Amino acid sequence: MKVALVYDRVNKWGGAERVLLALHKIFPTAPLYTSVYNPKKAKWAKVFTVKTSFLQRLPFASSFHELYAPLMPFAFENLSFKKFDVIISVTSESAKNIRVPEGTIHICYCLTPTRYLWSGYGQYFKTFWFRLLTIPLVAYLRKKDLSASQRPDVFVAISKEVQRRIKKYYHRESGVIYPPIAISPKERGFIPLDSGYFLIVSRLVPYKKIDLAIKVCNQLKYPLKIIGTGSEERLLRKMAGPTVQFLGTLTDQE
């Protein structure tokens with residue numbers, strides 16, 4: 001059985017990337033198709049044969065993919081999967097737009113329906129004028145996204161909340177398979193609550209709401225350690241009080 005993996009973009013490190021590495025252990029020969037690839041920001045992907053779309057050739061696309069959001073659906077529609085039996089798309093955006101040959105099974109492992117178009121629309125389009133100016137673009141992208149959501153043969157959600165979103169926005173049924181975690185026998189059991197601090201491990205981006213945790217710990221003087229990097233790091237560091245510590249990127253062992 002020939003399997004291919006598809007992911008929105010390969011230019012960062014986070015939970016979805018861990019899912020892809022877990023799938024690589026199951027299907028070690030499966031290539032990874034994506035819109036854009038930045039090897040410097042995605043060193044984890046060196047284990048894959050990565051195949052990119054036409055967007056890879058456009059200026060700044062591998063680092064600033066947001067500039068090409070209207071082209072993302074077409075980027076995936078133009079990828080070819082003639083030689084594969086099963087395609088697994090891991091997506092929170094456009095990877096489900098792929099077209100597969102008749103007889104090929106497309107399983108969509110959905111991280112969430114496209115956040116900036118549906119459940120997180122208010123976070124991305126905050127101001128009245130921005131919303132007004134982008135109405136035609138958002139309407140077009142929602143139409144494309146809803147159409148693409150009907151292409152997979154099977155939808156699988158990462159949680160019951162995402163399962164509800166898939167039903168609400170895409171009108172599709174889905175099963176739930178929780179993302180894999182690695183816990184050694186010594187680590188199983190309850191985590192002691194006397195560590196003396198709270199811990200966040202996350203990409204530092206707006207929808208993760210790290211700012212809310214910082215505000216709470218500032219007000220209550222609770223110690224908070226934050227592991228991760230992202231577009232909001234500079235802003236979050238400015239608002240952090242003396243009890244908040246940023247540790248940057250750490251290995252799993254660290």
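Between Thr49 and Thr134, the simple label model (points 7 Å from Cα in the Cβ direction) yields a spacing of 3.8 nm. With protein chains left intact and a 1.4 Å probe, residues in segment 42-146 average 54 Å² of accessible area per residue.
For the chain, find the longest principal axis of its Cα atoms and tell me its angle to the long axis of helix 15-26, 0 to 90°, nearest 10. Tilt relative to the chain: about 50 degrees.
Charge tally for Ser174 (other residues, Cβ to Cβ under 11 Å; Lys, Arg +1; Asp, Glu -1): +4. Viscosity 0.692 mPa s, temperature 37 °C: what is the translational diffusion coefficient of segment 41-178 from Stokes-Einstein with a Kirkwood Rh over Cα pairs, rounded to a whole number of µm²/s? Estimated diffusion coefficient is 203 µm²/s.
Could you work out what % of the accessible surface of the chain is carbon and sulfur, using a 1.4 angstrom probe and leaving DNA, RNA and ligands out of the count? Carbon-and-sulfur percentage of accessible area, whole number: 59. Annotation: peptides 162-169, 98-105, ranked by per-residue average of other Cβ atoms within 10 Å with the highest first, follow the order 162-169, 98-105. Surface calculation, 1.4 Å probe, protein heavy atoms: Phe130 sits at approximately 90 Å² accessible. Once you list every other residue whose beta carbon is under 14 Å from the beta carbon of Arg164, what net charge do they have if Lys and Arg are +1 and Asp and Glu are -1? Combined, the nearby Lys, Arg, Asp and Glu give +3. Summarising the strand pairing of the chain, around 0 percent of its internal DSSP beta bridges are antiparallel. Per-peptide packing, taken as the mean over residues of other Cβ atoms within 10 Å, places 83-89, 121-127 in the sequence 83-89, 121-127 from highest down.
Maximal additional length on extending the Phe27-Arg57 stretch stands at 8.0 nm, based on 0.36 nm per residue less the C-alpha distance. Between Val201 and Tyr124, the modelled labels are 2.7 nm apart [label points 7 Å from Cα along Cα→Cβ]. Heavy-atom accessible area, probed at 1.4 angstrom with all protein chains present, ranks Thr29, Thr134, Thr249 as Thr29, Thr249, Thr134, highest first.
The values are calculated or read from the model by the stated rules, or taken from the named source; none is laboratory data. Computed from a predicted structure; not experimentally measured. Positions of Cβ are backbone-derived with ideal geometry, glycine not excepted, and every protein chain shown enters the neighbour counts. To get the accessible areas, we keep the full protein, side chains included, count just its heavy atoms, and leave off ligands, DNA and RNA. Shrake-Rupley method; radii C 1.70, N 1.55, O 1.52, S 1.80 Å.
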